[in-house]
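Report on the following structure.
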Amino acid sequence: MTLIYLWRNRERPAPLSKRWIKVWAKRVFNLPGLLNITLRRLRYKFKGATVGKLVAFGRIDLHGTAKRLTVGERSFIGSNVNLALHEKIVIGNRVVINNNVQLLAGSHDTQDSAWQMIAKPIVIKDYAWVAYNAIILPGVTIGKGAVVGAGAVVSRAVPDYAVVVGNPAKIVGQRNRELSYSPVDLCAPFEAWLGTPTKQEMINEQINDNCIEDKLC
Ligand SMILES: CC(C)(COP(=O)(O)OP(=O)(O)OC[C@H]1O[C@@H](n2cnc3c(N)ncnc32)[C@H](O)[C@@H]1OP(=O)(O)O)[C@@H](O)C(=O)NCCC(=O)NCCS
């Protein structure tokens, strides 16, 4: 699916032009990365995760049953991301989870003599960006388009488009609400095929995706 999409939508510079040579050099250079991304997506699907189209996975640590993992379309999940799947982890469309992020859907009851497990789902909505080394605790929902700053520890729900930082994470700002990018298209192995999209191309593609989702076209 990913490879077919990239082939169909590939940038097509004039053969043997400077641009053509540069583009094909990039494609060859990024081929191992692209194959790894494609194989990882298939591996997690095979293990039972629900994974949408064009999702790019780094080398993640998946603990617990993969069936509890859902990832929407065009999301990017970096390397060394730790997914503790004691409960469901639901990641939306066009989400970015940077390297070293911990999504912890389980904890233990500090008041319980038997130290019982507490498992609560984590939901990360469309366009959210969870930056490097952040920790998301059980039961947390990260709102649409919200940003979790590098190193933040999030123990409470984050509203749509809020920017939160620190431990415990607190709101320090609001994000632009007009979001139209596809993070996977911007990662090197994809960009080598698609070229760098203009802002207008990203907006058009988002409109197209929405109208396919809403069955309007
Ligand atoms: C969250 C982030 C996007 C905020 O950027 P921003 O909206 O431009 O915010 P600002 O830089 O104006 O910072 C706002 C305040 O929060 C603080 N702050 C920003 N990021 C912080 C962080 N990660 N942890 C703690 N405090 C942070 C700033 O010091 C500032 O505090 P002040 O108002 O007391 O001076 C950014 O700081 C961040 O963490 N980026 C992620 C980097 C990363 O992971 N990169 C790897 C992938 S590309």
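The values are calculated or read from the model by the stated rules, or taken from the named source; none is laboratory data. All values reported here derive from a predicted model rather than from experimental measurement. With ideal geometry, Cβ positions are generated from the backbone for all residues, glycine too; neighbour counts draw on all protein chains shown. Remember, those area values only see protein heavy atoms, side chains included, never the ligands or the DNA or RNA. Shrake-Rupley method; radii C 1.70, N 1.55, O 1.52, S 1.80 Å.
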Among the residues of segment 154-162, is there at least one that is more than 12 Å from the ligand (Cβ to nearest atom) and of a type in the set (Phe, Trp, Tyr)? no
Within segment 69-80, identify whether any single residue is over 17 Å from Ala128 (Cα atoms), open to solvent by 20 Å² or more (accessible area, probe 1.4 Å) and within 16 Å of the ligand (Cβ to nearest atom), and answer yes or no. yes
So which pairs qualify, if the first residue must be in segment 18-39 and closer than 14 Å to Ala56 by Cα, the second must be among the small types (Gly, Ala, Ser), the Cβ gap must be under 8 Å, and the two must be at least 6 apart or on different chains? Asn30/Ala188; Asn30/Ala192; Gly33/Ala188; Leu34/Ala192; Ile37/Ala56
Phe57 fails exactly one of the following numbered conditions: (1) in contact with a helix residue (DSSP H, G or I) (Cβ under 9 Å, 6 or more places away or on another chain); (2) buried (at least 19 other Cβ atoms within 10 Å of the Cβ); (3) free of Cβ contacts under 8 Å to residues at least 24 places away in the same chain; (4) over 25 Å from Glu191 (Cβ atoms). What is the number of that condition? (4)
Go over the candidates Arg10, Arg27 one by one and state the one that is open to solvent by less than 20 Å² (accessible area, probe 1.4 Å) and under 15 Å from Leu186 (Cα atoms). Arg27
Just checking, how many residues over segment 163-178 are assigned to a loop (DSSP other than H, G, I, E, B) and near the ligand (Cβ under 10 Å from one of its atoms)? 4
Gly173 fails exactly one of the following numbered conditions: (1) over 23 Å from Gly106 (Cα atoms); (2) modelled with pLDDT of 90 or more; (3) under 18 Å from the mean Cα position of the chain (by Cα). What is the number of that condition? (3)
Anything in segment 81-103 that is in a strand (DSSP E or B), within 16 Å of the ligand (Cβ to nearest atom), among the hydrophobic types (A, V, I, L, M, F, W, C) and without any contact (Cβ under 8 Å) to a residue 40 or more places away in the chain? List them, or say none. Ile97, Leu103
Note on segment 110-153: residues assigned to a loop (DSSP other than H, G, I, E, B), surrounded by fewer than 15 Cβ atoms within 10 Å (Cβ to Cβ) and away from the ligand (no atom under 12 Å from the Cβ) are Thr110, Gln111, Asp112, Ser113, Ala114, Trp115, Gln116
Looking at segment 60-84, which of its residues are of a type in the set (D, E, K, R), at negative phi and in contact with a Gly (Cβ under 9 Å, 6 or more places away or on another chain)? Lys67, Arg68, Glu73
